[in-house]
Amino acid sequence: MRIYLALVLTFLVCSCSGLQVQDYDKVFEEKGQPPVLIDYYAAAVIRPGTTWKIYLEAKDKDGDMAYIATMLYQTGFGYYATDYTRLTGKERKEFAGYVALRTPPETSLTQDKFTMEVLVRDRQRNSSEIIKLPLTFSQVERENIPDKWQAVAKNRLGVVVTDIQSMEQIAE
């Protein structure tokens with residue numbers, strides 16, 4: 001029993017000697033800080049055929065944001081291909097604007113539910129938190145843009161290139 005205990009202790013001591021304490025300041029310098037999505041807005045219900053605008057405000061202390069990733073999920077279908085909107089110039093440090101998704105005028109979309117997941121990633125592969133925005137379709141009037149987003153309503157960051165279809169069309 002003593003020999004067994006001695007062997008176990010020797011093994012533990014030897015294997016622990018390979019552990020290294022990380023210098024977290026160095027890790028921060030190498031990895032940087034992730035982008036932060038400060039605020040966002042998108043209408044939850046729109047009319048089929050309307051362009052859906054997702055308003056975003058983000059900052060990155062390191063100033064190296066690379067792109068906005070958008071992933072559209074459709075209940076009963078799954079995820080569409082991820083779309084990437086590149087960020088350039090001053091937008092790498094901070095931006096406020098919108099990405100646009102064009103929707104087809106199919107009234108059958110009123111039967112479907114969508115969720116858009118959005119994140120911002122930087123050059124060091126850090127990413128912001130993922131936000132989830134619901135989207136449904138109905139024959140509603142166009143919603144007014146909240147006052148906070150009026151100033152950036154003309155700053156289109158990009159277009160989400162995803163061709164959505166209703167489950168009725170997919171099933172055909």
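Sequence gap at least 6, Cα distance under 8 Å: using those rules, report the relative contact order of the range 33-171 to the nearest whole percent. Walk me through the numbers before you get to the answer.
Details: 325 pairs, mean separation 46.0, N = 139.
Computed over the range 33-171, the figure is 33 percent.
Report, to one decimal in Å, the Kirkwood hydrodynamic radius for the range 33-171 based on all distinct Cα pairs. Display every interim value, and only then the final one.
Values: mean 1/r = 0.0647 Å⁻¹.
15.5 Å is the Kirkwood radius here.
Antiparallel as a % of all DSSP beta bridges within the range 33-171, to the nearest 5?
85 percent
Under 21 Å between alpha carbons: how many lysine pairs meet that in the range 33-171, if sequence neighbours fewer than 8 apart on the same chain are excluded?
So the count works out to 17.
Every number in this text was worked out from the coordinates using simple rules, so none of it is lab data. On a predicted model such as this, the values are computed, not experimentally measured, just so you know.
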